[in-house]
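Single-structure report; data block below.
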């Protein structure tokens with residue numbers, strides 16, 4: 001009796017094998033192969049409708065306080081230039097330590113990539129101002145930052161997957177696997193923690209790059225003020241000079257990242273001369289990531 | 001029927017007893033071992049009180065990133081040697097120190113941060129906002145002099161390390177919400193998750 005209890009309850013992990021066993025690391029080539037496969041398999045495109053230029057966040061959630069923020073980060077993807085090569089996906093995977101998937105999942109087109117080529121165009125989380133995913137999160141793991149990013153707190157996520165079910169773009173990816181134990185994950189970037197099994201993840205608009213730049217900026221301004229050195233500009237951080245991994249990697253400069261509330265941002269300068277589109281399913285949700293086509 | 005229910009109860013009790021006796025601890029990985037967080041080979045007897053409190057060195061002189069960078073950093077041997085090239089006092093203890101320094105590696109201290117992977121703490125931005133190092137690194141003790149440190153046998157608190165403190169999110173958040181350090185009039189600080197978490 002005791003032995004049975006021991007086997008059933010006593011050392012669950014001990015008998016079933018520990019996850020900290022020998023881990024093989026996938027090579028960069030494995031990631032490149034998977035991206036090529038994902039691009040080749042592709043996904044169904046979204047119907048695009050015209051949208052106005054994103055401004056301050058319009059959210060029905062009282063917890064989203066955007067009026068006191070000078071920043072709303074977003075991206076515009078140039079449909080006239082993008083040829084769906086998939087370089088953005090590989091750059092994103094390496095920046096954010098996105099794991100590989102098993103052969104079965106790959107055959108079903110279920111990749112963990114935060115960017116998916118749908119109808120020849122990259123689609124990622126639109127960082128909706130009025131984000132439907134955040135409204136259904138039971139733990140508050142999906143929440144908005146004052147900078148207009150739909151952020152994901154992995155340690156808070158309990159894996160209910162309500163957010164994924166409520167996302168019209170299917171931009172959220174769930175870790176069904178323990179990718180590290182299966183040898184499907186590799187840490188390319190120390191700035192981003194690896195996600196465990198049972199955690200939802202999605203495009204963070206390279207939150208780590210933005211926050212690191214903000215910390216650097218605030219430190220420099222603080223040190224300059226303390227030393228009595230005059231500070232150029234308002235001394236407020238606007239995220240200038242930061243690029244997301246995908247926009248940095250795009251050789252055709254089709255992904256433009258910037259601050260919608262900063263008229264000096266390249267994003268605003270370029271987007272104001274173009275017609276803007278968004279997937280019809282999120283067009284009414286105040287998306288931060290939009291698509292550009294033609295001239296206005 | 002009565003015997004059956006007694007048997008079921010017995011089985012359940014046996015399982016629970018087995019779990020109690022052989023089950024794994026609640027959090028075997030969360031053991032924080034402060035003695036391993038800072039190591040130095042060979043042991044250099046370093047006293048913060050001798051450098052900071054008595055000769056007034058700023059923390060950032062040795063912890064070069066403390067006021068300007070994310071990590072405070074531990075000093076390299078070359079930082080020590082800036083001052084310790086010449087015997088500094090007539091104190092006989094200085095010879096022990098000189099020989100320890102001579103035999104030390106170029107980076108004598110190896111520090112393993114206790115900060116979890118999903119938390120970001122930037123020393124520089126706090127310093128720039130007017131937070132003093134000692135506001136966090138001398139917790140719950142008031143002014144700590146050398147006498148207190150030397151006589152303090154409290155577990156996990158060593159007089160060669162500043163702190164030995166256990167930080168938690170409550171401590172961060174109470175200050176970020178303006179509930180502690182009211183007399184210091186810090187600017188309002190961010191309290192949204194992504195400010196510090198990834």
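Values in this text are rule-based calculations from the coordinates and carry no lab data. Since we're looking at a predicted model, the values are computed, not measured. Glycine also receives a Cβ, built like all others from the backbone with ideal geometry; neighbour counts cover every protein chain displayed.
For the listed peptides B:181-192, A:259-270, a ranking on the average number of other beta carbons within 10 Å per residue, highest first, reads A:259-270, B:181-192. Computed from the Cα positions only, the extents of the stretch A:167-236 along the three principal axes stand at 54, 30, 15 Å, in decreasing order.
Compared with the dominant principal axis of the Cα atoms in chain A, helix A:87-96 is inclined by about 70°. Please give the helix A:207-226 orientation as an angle from the longest Cα principal axis of chain A, in degrees from 0 to 90, rounded to the nearest 10. Helix A:207-226 and the main axis of chain A meet at about 50 degrees.
With a ≥ b ≥ c taken as the square roots of the eigenvalues of the C-alpha gyration tensor of the stretch A:57-190, please select rounded if a/c is under 1.5 and otherwise prolate if a/b is larger than b/c or oblate if it is not? Since a/c reaches 1.5 but b/c is at least a/b, the shape of the stretch A:57-190 is classed as oblate.
Against the main long axis of the alpha-carbon atoms of chain A, helix A:28-41 sits at an angle near 70°.
How would you classify the stretch A:167-296 from its alpha-carbon gyration tensor, with a ≥ b ≥ c the square roots of the eigenvalues: rounded for a/c under 1.5, else prolate if a/b is greater than b/c, otherwise oblate? Kindly include the intermediate steps, with their values, before the conclusion.
Numbers: a/c = 2.38, a/b = 1.17, b/c = 2.03.
Oblate, because a/c is 1.5 or more while a/b does not exceed b/c.
Considering only alpha-carbon pairs that sit under 8 angstrom and 6 or more positions apart, the relative contact order computed for the stretch A:24-295 is 31 percent. Distance distribution note for chain A: the fraction of Cα pairs above 33 angstrom is 27%. Here the label points at residue A:234 and residue B:12, each 7 Å from Cα along the C-beta direction, are separated by 6.4 nm in the simple model. Peptide A:185-192 is shielded by partner chain Cβ atoms: per residue, an average of 1 of them sit within 10 Å of its Cβ.
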